[in-house]
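Here's the structure we're looking at; comments come further down.
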Amino acid sequence: MADTRVPPGADADDAGEGQELRRTEHGAQIHEVAATTTDREFTIAARTQTQMVLRRFLAHKLAVGSLVVFLIVVVVSLIGGRFWRYGYADITPEFSSPPSLKHPMGTDSIGHDSMAQILRGAQKSVQVALMVALLATTFGALIGALAGYYRSWTDSALMRFTDLVLTIPAIALLAVLAANVSETAGNWFFIGLVLALLQWTYIARVVRGQFLSLREKEFVEAARALGASDARIMFRHLLPNATGSIIVNATITVAVAILLETALSYIGLGIRPPDTSLGLLVSTGQQAATTRPWLFWFPGIFIIVIALTVNFIGDGLRDAFDPTQTRVRA
């Protein structure tokens, strides 16, 4: 066995790199040790607010799956009709044909391909819903921001106007407009505009509450002390902090708009023939629900899928923007 002892008087400098000099009763012994780096630093990369929100949303598997399904429905409804062999107004020689390879969703009593009709109906319903969400969210956020920031008489006037709009029933208003403005009645843009003018009130109330709370924070006082204008404080400092609530309510508005447009078309106050929508297809298909169920069930399934996926997306966004939720770590 090799003698590892070092004569007395050996200095610690005699040990090379990666070795340790230990004193024992028999002298000094050099032991091999693992090389270490004393200047190693342990750092944690800072995450932005967007990154944290994205990670929390991706952790919500149901919301992510719903987002994928909803995007597929939107893309298929907007461009799918251009690639399908039949147009929504085309009449085929097959009447009341059940689902088959040639007509995956069957045909109606006139010979229209149901799949082409559903793609067209989903396109109009999605267009109305997205238009309502965009206009209602923009206008409601602006009204809520002004009311919550300035308070006083501005808040009172805007909120009383909001309460007045809340009392207007959408069905009654559209019925009056349909009877007196016949040239625009049944047009999807006109219907979306009317619904947007009635659906902004909920977002306005949410944004107002957020601004009433945020305007008392220290960073707002600091910005005001540095000479920031009211517009800069509202849109540069306060509005980004209310983005979570706005986005969540925007997704809810999409679902509500889909169901409202469906209800209006169902009772004849929405989109009208020769155009079509999911609600109109359900309305015409209910008469044959027992003899030709595909005319009723397929558009109904599309409505259910769109409404459910949008609601699940809203749940995921709510959890992602909530800072009290459990953090997702790498």
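Yes/no matrix, rows are residues, columns are (1) touching a Phe, Trp or Tyr at 6+ places or on another chain (Cβ under 9 Å); (2) closer than 26 Å to residue 313 by Cα; (3) in contact (Cβ under 8 Å) with a residue 24 or more places away in the chain:
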position: 194; (1), (2), (3): no, yes, yes
position: 198; (1), (2), (3): no, yes, yes
position: 212; (1), (2), (3): yes, no, yes
position: 226; (1), (2), (3): no, no, no
position: 233; (1), (2), (3): yes, no, yes
position: 246; (1), (2), (3): no, yes, yes
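Checking 224, 232, 292, 318 one by one, the residue that is closer than 16 Å to residue 53 by Cα and among the basic types (Lys, Arg) is 318 and no other. Residue 251 meets each of the listed conditions (1) out of contact with any Ser or Thr (no Cβ under 7 Å at 6 or more places or on another chain); (2) surrounded by fewer than 20 Cβ atoms within 10 Å (Cβ to Cβ) apart from (2). None of 28, 35 is modelled with pLDDT under 55, assigned to a strand (DSSP E or B) and either of a type in the set (Gly, Ala, Ser) or within 30 Å of residue 243 (Cα to Cα) (or both) except 28. Scanning region 259-314 for residues that are among the acidic types (Asp, Glu) and under 23 Å from the mean Cα position of the chain (by Cα) turns up just one, 261. In region 123-231, counting only helices (runs of 4 or more DSSP H) that sit wholly within it, the ones holding 1 or more residues that are within 22 Å of residue 258 (Cβ to Cβ) span 152-166, 170-180, 188-214. Criterion applied to 109, 114, 100, 96 was being free of Cβ contacts under 8 Å to residues at least 24 places away in the same chain and small (Gly, Ala, Ser), and the one residue passing it is 100.
Taken as a whole, the structure leaves residue 250 outside the set of residues that are on the phi < 0 side of the Ramachandran plot, assigned to a loop (DSSP other than H, G, I, E, B) and of a type in the set (Gly, Ala, Ser). Checked against (1) surrounded by 13 or more Cβ atoms within 10 Å (Cβ to Cβ); (2) over 22 Å from residue 310 (Cβ atoms); (3) modelled with pLDDT of 85 or more, residue 203 meets all criteria but (2).
The values are calculated or read from the model by the stated rules, or taken from the named source; none is laboratory data. The structure presented is a predicted model; accordingly, all values stated were derived computationally and were not measured. Every residue, glycine as well, gets a Cβ built from its backbone with ideal geometry; the counts of neighbours run over all protein chains shown.
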